[in-house]
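Please treat every number below as a calculation from the coordinates, not as lab data. Note that the structure is predicted; figures quoted are calculated from it, not measured. Note: ideal-geometry Cβ built from the backbone for every residue, glycine included; neighbour counts use all protein chains shown.
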């Protein structure tokens, strides 16, 4: 029961974030922004969808680590900070708005890619909440490969070594 509630909340959160991302993407494109490196986006979506679908399959009925669940909830606070810092510029795609300065507030004062740090931690921690160590490891490696591609593409789109315009 606990796993189903946790996964329901995570799924609802992810779906609502996709709605927000699509809204922001549409608005940014209407302002003259351009999408970069769109070819990897379906693979990123597939990776995250498989990660969550696999948890729906494997986690129900497993014991829940309350300590790791608290860690996951704290990661959501950090995720909220990232989204609030980027505001209307937050999107799941690489969207570059010409002549817009990079975001330098919130966690972007300390890290170039705080959202990716949060996502990497989430991909590892949520399976660990259910004791799925191997699952956490496999998806962490796959996500690291995806982030390698993603961060290089994002940096190239912005023409800099580090960036913080999109997530």
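Odds and ends about this structure:
- Going by neighbour counts of Cβ atoms within 10 Å, the residues 40, 99, 113, 48 line up, fewest first, as 99, 40, 48, 113.
- A full extension of the chain between residue 30 and residue 16 corresponds to an added length of 2.9 nm, given 0.36 nm per residue minus the alpha carbon distance.
- Projected label distance in nm at residue 133 and residue 149, using a 7 Å step from Cα toward the beta-carbon: 3.0
- The range 2-158: relative contact order as a whole-number percent, Cα under 8 Å and 6+ apart: 35
- Helix 114-129 and the longest principal axis of the Cα set of the chain meet at an angle near 10°.
- Per residue, the chain reaches -23000 deg cm²/dmol at 222 nm when only DSSP H runs of four or more residues are counted, each adding -39500 (n - 2.57).
- For the range 125-149 versus the range 50-86, the gap between their alpha-carbon centres in whole angstrom: 12
- Alpha carbon Rg of the chain, scaled by the compact-globule rule 2.2 N^0.38 Å: 1.05
- Spin-label pair residue 47/residue 73, simplified geometry with 7 Å Cα→Cβ offset, distance in nm: 2.9
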